[in-house]
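Quick notes on the structure that follows.
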Amino acid sequence: MIMDCGLYFHIPFCIKKCIYCDFLSFPRSSGYTCREEEYFTALSNEWRERSALVTDGVDTVYIGGGTPSSVSPRRIYDILNDVRGRAALRENAEITVEVNPGTVSEEHFRIYKEAGVNRISIGIQSTQERLLRSLGRIHTYKDCEAAVRMARNAGISNISCDLIFGIPSVCEEPAQTYEELKEDIERLILLGVRHISAYSIIVEEGTPLYELYKCGRAFDADPDTERRMYYYIRKRLVKEGIQRYEISNYAYPGHESRHNMKYWECRPYLGIGLGAASYYPGSNDDYIRETNTRDPDEYMSGRYRGETEVISAEEQKREFMMLGFRKMSGPSPEMYKERFGTDCSDDFKDEIRRLKDKGLVYKKDGSMRLTLKGCDFANEVFREFVL
Amino acid sequence: MAGENIRNFCIIAHIDHGKSTLADRILEKTGVLTQREMEDQVLDNMDIERERGITIKAQSVRLNYRASDGNEYVFNLIDTPGHVDFNYEVSRTLAACEGAVLVVDAAQGVEAQTLANVYQAIDHNLEVVPVINKIDLPAAQPELVKKEIEDVIGLPASDAPLISAKAGIGIEEVLEQIVKRIPPPQGDENAPLKALVFDSYYDSYKGVIIYVRVFDGTLRKGDTVRLMASGREYTVTETGWFKPGTLLQSDILQAGDVGYIAAAIKNISDASVGDTVTLADRPASEPLPGYKKVQSMVFCGVYPVDGADYEALRDALGKLQLNDASLLFEPETSKALGFGFRCGFLGLLHLEIIQERLTREYNLDLITTTPSVIYLVRKTNGDTVRLDNPTNMPNPSEIDSIEEPVVKASIMTPVEYVGNIMELTNERRGTFINMDYIEDTRVLMTYEMPLNEVIYDFFDALKSRTRGYASLDYEITGYRRSNLVKLDIYLNGEIVDALSMIVHADKAYARGRKMAEKLKDTIPRHQFEIPIQACIGGKIIARETVKAYRKDVLAKCYGGDISRKKKLLEKQKEGKKKMRRFGSVEVPQEAFLSVLKLDE
C-alpha cells in the first residue's frame, strides 16, 4: 500500500565516467552499453513486478543515472508510458530527467516533453572549462547554456542545475578559486534556472579521484576557501530569492524538488533499476527498505533484489530526525506526530538538548533546525540519531 | 622407589633454537599424538604464542616411553618460555624438574640466553643434557658448537646428540639420553605430602587448577589439602596428569609425579605459585623452598575505554594473573582516564601480550599509559619514594635526587657488529664494563644500562643493527643516581597525566618533540584548533597543533545513499565512543599506543 508514491528509475549508462563519480554507471568503454536493450527489458519487468505495490497513484518520477540522456530519449518515453500503463500517474506529478549537457539535442527535449517530463536536472558542475576538464566532464560551458535553451524551447521551464564546489587540484591543474565559484553562481543566476544543487565535492573510495589523492596527484582545495564558497553560495542565491531548503539544495519557493523531499521526509518511494533503493510500509508499523543488486548480470537475469531491511517504528523515528535535519526547515513536528503519534521533542529530548548545547541546532517557528554551524557539522547532528 | 621410571625434565634454549619443535617431536615419537594430529608446536596453545612463534606459558605433558633397555618410562616434559622477559617462568619450571635438555642451534651456537638458562639450571642442581639442533642446515657446524658448549659453558658435549627437530632426525637418541642421564626423582611416597605449585590456571567449571610437582608423599582424590603459605584448606575433587591440550584423571599422585589438582578453589589468590601443598591431617613440617618473589620491572596504567568495563577488567586481570604470577595489578585513578589499574610486567613484550590477551580473550577496549620503571626519589626531608607512576612525582623543590634501576646487560655478538652495538648502547646511556672473546669470531659484551632504556625497544634495535645475530640477556643489579626529569604533555592547555613520563634530561627535548609529533598524527581534527605541548617543569619544550577541521557534513543523501550513509555514521559514532575525552578533546586509543613506539 503506497500512497503518493515516488518512483525512481536508474539508467546506469554514460559516455564516460567522471573522476569523482561513484554512482552505479557503465561508460561506453565498459562494454555493457551493448546490453542496453537487455537492461531496459529488465527494468520494465521489474517495474511490472513492483507496480502492484502502488495503490494510490504516483506523484513524482525521477529518472536518474548514470546519464539518462546518454540513451535514446525514446527509452525515457517508453518508461513513462510504462509507468502510466500500470499506475495512476497524477496530472500534476513532478517528472524529472537528469541530463548531461554533452549528450542532448533539441530532439531529446522534444521527446521528453512529449513523454510528460516537466523538470530537467542538468549536470553543469562548473562553468569553467579548465575545471570541467579536470573533473573529466565531456561537455563545455557553452553546451550547458545550449541545454538550458533547448529545454526551454521544448517547453520545459522547470530547470535545475548541479554544481560542484571545492574542486581539488588534480594532476597539476590548480584547485577551484573563490572567484571562479562566484562566476559560476552569477552565470547560473543569469541562466535563470529554478533550482540549484551545489555540492561540496566528496572524494569517495573507489573513484579515480580517490586514487589520485592516494598517490599524491590530487589535493584538497583550501578548507577555509571551501567553506567561504559554501557561505557565499547561500548568501548570493538568497539575495536572488533562491532559498536554501536543504544542505546542498536551493530553489525559488515552490520549485523545491518534490521527489527528493520524499527521501528527507521518509515518505514512500520505489526505486527501479540497478542498485536502486525502495522504502515503503510493511506489516504492522514496520517499513521496508530494499536495495537492488549492484551486479548488472544478476539484475539482467531477473534477480533484482539485493538487501532488504525491516525498519522498526523506533528506527523510522530516528531516520525521520536524521534525514529531516537535512532540510533547512528541520524535521517537521506535525508530520512526525501524524506518523508516529508522539512528539519528536519528547522522544529525542536528550539528543536535542545536547545538540542545542553545542550550538548545532536551534528552534524556530516550532521546529528544530540546523544553525549555520550545524550546516558545517551536520554529521554530528546526524550521528545523534543513529545507534 | 616408585619414581624409578619417572623422568621430569624441561627443555631450555635460546629463543628460536628449536625448543618447541623438539617438544613436538618428542610428543610424536612417544606416540602421544600421531603425525596427523600434530599441529605445529602443540604446546604453544595460545593464539598469540603461535602467531608470534614464542612460548609464553610453561606447559606440561606426561608421556610414556619404552626405552632400548626394554623398560617403560614416564616422562614429564615441561616446556618453558624463551624470551628474556619470561625468565621467571623458566625458574619455576626448573624447580619442578631433575634435568634439562639444552637445545643449541648448530649454526648459531651458544647465545646469551643459552648461558643464562644453563646457569639457572645448574643453580637448581639439574642435570643438563646438551643437544645440537638444526644439523641439517647448510650453515650447521656441529663440531664447533660442541666445542663451544664445552669451552664456554663447561659442559661435556662430546656425545651430545646431533639432531634436526624439524626433520625428525636423532630424536630417539635424545629420548635415550633423557633416560640414561637425567636422574629419577628422589623422595619418599610415605613421608608427609610436599608438592610444589609451579603453575595454575582458572577453569570455569573446576575452579583453580594447580600444577604440582610432588616431592614427598602421596595425594589422593578426596584428601583435604592445605596450602602452606595461605593456610587455606580444600578437599581435592580431582587429580591427574597432563595430556597435550587436556587433562587425564588419575586418582593418585605420588612422590616424583608431575600433575594437577582441582579442589574447587574459587579465589585465585589462595593458590599462589611457589606455595607448597600438604595434607591437612598430616602436614609437612617445612614447606619447600618457594620462588623468589617475581620482580615486575615495567609498570603502566591500564584503563578501560568505557568506564563501565572497570569490573570486567578487574576480573580479566585476576584471571590472567592466575596463569601468570608475574602480572601485578592494583587499582589506581587517573585524572584523565578515570578508574583503572596500575600493572606491573616483566618487560615490554609481557606488557604487549597481556594487553593483547585482555583485548582478544576478554573483549576489552583498553588504554595503556606510558610504561615506567620504579624510580627511587630521595626527598630533601630524607624520605625515599618508590615511584612507579610519573604522575606521583613529588614537586621538584622537594627532590634531592632520583635514582633509576640499572641492569647488567650481556650481549653476545659476532665481532663485526661490535661497533654498531657500542653505538647503540651509547645512545641508550650504557656504560661499557667488559668484552670477552668467546671464540675468534664472537664476543660477549657486558654493559651497565638503565633499565628504562632497555625496556622500550632495545632488543628490537639490537636485532636490527646486528642483522639478528646478537643475543641479549640482562639482570637487575641495582640503582644509580641519574639526572631525570618529568616530561608532561598538555592537550589544549590541559595536562594529560596518562602521558607523563620520566626521562633523562639529555633526552627530554628529543622525546618531547617526538611525542608531540606522534600525537599530532593520531589525534583527529576537531572543530577547534588543539595545541599539543610537551613541558618540563612548566617550560614548554615542544609544540604542535592539530588544525581545526572546517566541516563534517555529507553533502549528498538521496534514496540510494541512505542505508550506506547511515552505516557510515554508525561506524563513526562507534569510533567516537572508543575515544577518550580530555576536556573537550577526543583522543583515540592509538594515540596512547603510538607514543610507546617513538622510534618507529
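For the reader, a short list of remarks on this structure follows.
- Of all the listed residues (A:G366, A:G374), the sole one being more than 10 Å from chain B (Cβ to nearest Cβ), more than 26 Å from A:Y280 (Cβ to Cβ) and either of a type outside the set (K, R) or under 22 Å from the mean Cα position of the chain (by Cα) (or both) is A:G366.
- The criterion of at least 3 residues that are touching a residue at least 60 places away in the same chain (Cβ under 8 Å), open to solvent by 20 Å² or more (accessible area, probe 1.4 Å) and over 26 Å from B:V406 (Cα atoms) is met, among helices (runs of 4 or more DSSP H) falling completely within region B:449-557, by B:505-522.
- Among the conditions (1) surrounded by fewer than 15 Cβ atoms within 10 Å (Cβ to Cβ); (2) at pLDDT below 95; (3) among the hydroxyl-bearing types (S, T, Y), A:S367 misses just one, which is (1).
- Some residue of region A:345-362 being within 14 Å of chain B (Cβ to nearest Cβ), in a helix (DSSP H, G or I) and crowded, with 20+ Cβ neighbours inside 10 Å: yes
- Residues within region A:229-248 that are at the interface with another protein chain (Cβ under 10 Å from one of its Cβ atoms) and not in a strand (DSSP E or B), tallied: 3
- Pairs are defined by a Cβ separation below 9 Å, a sequence spacing of at least 6 or placement on different chains, a first member in region A:249-270 that is away from chain B (no Cβ under 14 Å), and a second member that is at pLDDT 95 or above and assigned to a helix (DSSP H, G or I); no pair meets this definition.
- Residues of region A:331-341 include none that is acidic (D, E), in a helix (DSSP H, G or I), under 21 Å from the mean Cα position of the chain (by Cα) and under 22 Å from B:G559 (Cβ atoms).
- When residues of region B:572-583 are limited to those that are open to solvent by 50 Å² or more (accessible area, probe 1.4 Å) and touching a strand residue (DSSP E or B) at 6+ places or on another chain (Cβ under 9 Å), the one nearest to the other protein chains (Cβ to nearest Cβ): B:K576
- Of the residues screened, B:I411 is not one that is closer than 26 Å to B:V152 by Cα, part of a strand (DSSP E or B) and open to solvent by 20 Å² or more (accessible area, probe 1.4 Å).
- In region A:179-221, of all residues being over 30 Å from A:S157 (Cα atoms) and among the aromatic types (F, W, Y), the one that is most open to solvent (accessible area, probe 1.4 Å) corresponds to A:F219.
- In region B:421-472, the residues that are at pLDDT below 85 and over 30 Å from B:A508 (Cβ atoms): B:I438, B:E439, B:D440, B:T441, B:R442, B:R467, B:G468, B:Y469, B:S471
- Number of the exception - B:L569 against (1) in a strand (DSSP E or B); (2) within 14 Å of chain A (Cβ to nearest Cβ): (1)
- Scope region B:187-240; condition open to solvent by 20 Å² or more (accessible area, probe 1.4 Å), assigned to a strand (DSSP E or B) and of a type in the set (K, R); matching residues: B:K194, B:R220, B:R226
- In the set B:T384, B:T413, only one residue is without any contact (Cβ under 8 Å) to a residue 40 or more places away in the chain, of a type in the set (S, T, Y) and not assigned by TED's automatic domain parsing to the domain that holds B:V496; that residue is B:T384.
- Residue that is within 30 Å of B:T333 (Cα to Cα) and touching a strand residue (DSSP E or B) at 6+ places or on another chain (Cβ under 6 Å), where the choices are B:D457, B:D436, B:D388: B:D388
- Condition met for B:I265 (assigned to a strand (DSSP E or B) and not assigned by TED's automatic domain parsing to the domain that holds B:N8): no
- Residue in region B:305-353 that is nearest to the chain's Cα centre (by Cα), counting only those that are open to solvent by 10 Å² or more (accessible area, probe 1.4 Å) and of a type in the set (G, A, S): B:A325
- If you go through region A:277-305 and keep only what is more than 17 Å from A:A52 (Cβ to Cβ) and either assigned to a loop (DSSP other than H, G, I, E, B) or facing chain B (nearest Cβ under 10 Å) (or both), you end up with A:A277, A:N284, A:D285, A:D286, A:R289, A:T291, A:T293, A:R294, A:D295, A:S301, A:R303.
- Helices (runs of 4 or more DSSP H) enclosed by region A:88-165 - at least 3 residues per element that are modelled with pLDDT of 95 or more and closer than 27 Å to A:D4 by Cβ: A:106-115
The values are calculated or read from the model by the stated rules, or taken from the named source; none is laboratory data. What you are looking at is a predicted structure, and each value in this text was computed from that prediction instead of being measured. Every residue, glycine among them, receives a Cβ derived from its backbone with ideal geometry; neighbour counts consider all protein chains shown. These accessible areas exclude ligands, DNA and RNA; they are computed on the full protein's heavy atoms, side chains included. Shrake-Rupley method; radii C 1.70, N 1.55, O 1.52, S 1.80 Å.
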